[in-house]
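Computed from the coordinates by the stated procedures, all read-outs in this text should not be read as laboratory data. Since the structure is predicted, the reported quantities are computational estimates derived from the model, not experimental observations. Heads up, the Cβs are rebuilt from the backbone with ideal geometry, glycines too, and the neighbour counts pull from every protein chain shown.
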Amino acid sequence: MKKRLAIFFILILSNLVYSQTTKTVALVDEWAEVAQNAVREGTTVSIATGYDAILHINIALSTETAHTGTKIEIQISSTTSGDEAWTTLTSFIGPTGTANSEVTSGTETPGSTVIECASTTGYVADETRWIFFEHTTPANSELALLVSAVTNTSVTLQDGITNDQTAGTMFNIAQSYVINLPFSTNRVRIIYDNTFDVDGSTVHTHARISQVTVI
């Protein structure tokens, strides 16, 4: 009986703590092109006062050149300032392949899920995959989840697009990654190293951070 009461009170306390947490999300790196054989240093973000933090990283190929990957390196710092304490938390390579680009042929307003295009080569009808919409204003670019396609007519997305993509360009190779950051981290930044493939593709990169800031 005592054990049951103890478990009951722990559950109540846990629920109260969880219900009072404050979560935030912020842009870290706006969509931007990283040229072949170039390196983009992401924004340094302080997470010294947070309790939990997750990076959300998006990257897409933005030419039709074969690509063996871009190195994405997550660096953390044990100090609140200076550059002498950066260390690599983790790094990985991606995405890979040869992208197919298609120009949208309809009026693709925010909220649209059916995107018209003259060709669906590379946009397979029976698989889901992230695709990238490159906008002439880089900040209006975005990823979307492809769920189906009608051959040489249109592609269908899981969710409506956020920005107007009329006469925009779609690319069919993109990835989204999630990285949990250690509680003891003071600062974090992302290094987008597009020198991994010496004759590969230009890429576009973007990142956000979500945090628990109050418990």
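Model label sites at Ala38 and Glu127, defined 7 Å from Cα along the beta-carbon direction, differ in position by 3.0 nm. Consider a paramagnetic label point 7 Å from the Cα of Thr80 along Cα→Cβ; state which residues of the range 40-54 have an amide N under 14 Å from it. 46-50, by backbone N distance to the label point. Measuring nothing but how far apart in sequence close Cα pairs (under 8 Å, 6+ apart) lie, relative to its length, the range 78-186 scores a relative contact order of 34 percent. Relative contact order (percent) for the chain, with alpha-carbon contacts under 8 angstrom and 6 or more residues of separation? Rounded, it is 40 percent for the chain. Using only Cα atoms, find the angle between the long axis of helix 2-19 and the longest principal axis of the chain, and express it within 0 to 90 degrees, rounded to the nearest 10. Relative to the chain, helix 2-19 is tipped by roughly 50 degrees. Of the residues Phe133, Phe183, Phe196, the one with the fewest other Cβ atoms within 10 Å heads the list, and the complete ranking is Phe183, Phe196, Phe133.
What the Cβ-Cβ distance of Arg208 and Asn152 gives, at R0 = 25 Å and to the nearest 0.05, is a FRET efficiency of 0.10. With a ≥ b ≥ c the root eigenvalues of the C-alpha gyration tensor of the range 86-187, is it rounded (a/c under 1.5), prolate (a/b larger than b/c) or oblate? Since a/c reaches 1.5 and a/b is larger than b/c, the shape of the range 86-187 is classed as prolate. Computed from the C-beta positions of Lys71 and Asp159 and an R0 of 35 Å, the FRET efficiency is 0.75 to the nearest 0.05.
Applying the criteria of a DSSP loop state and at most 11 other Cβ atoms within 10 Å to the GluC sites (Glu not before Pro) of the range 81-183 yields Glu84, Glu127.
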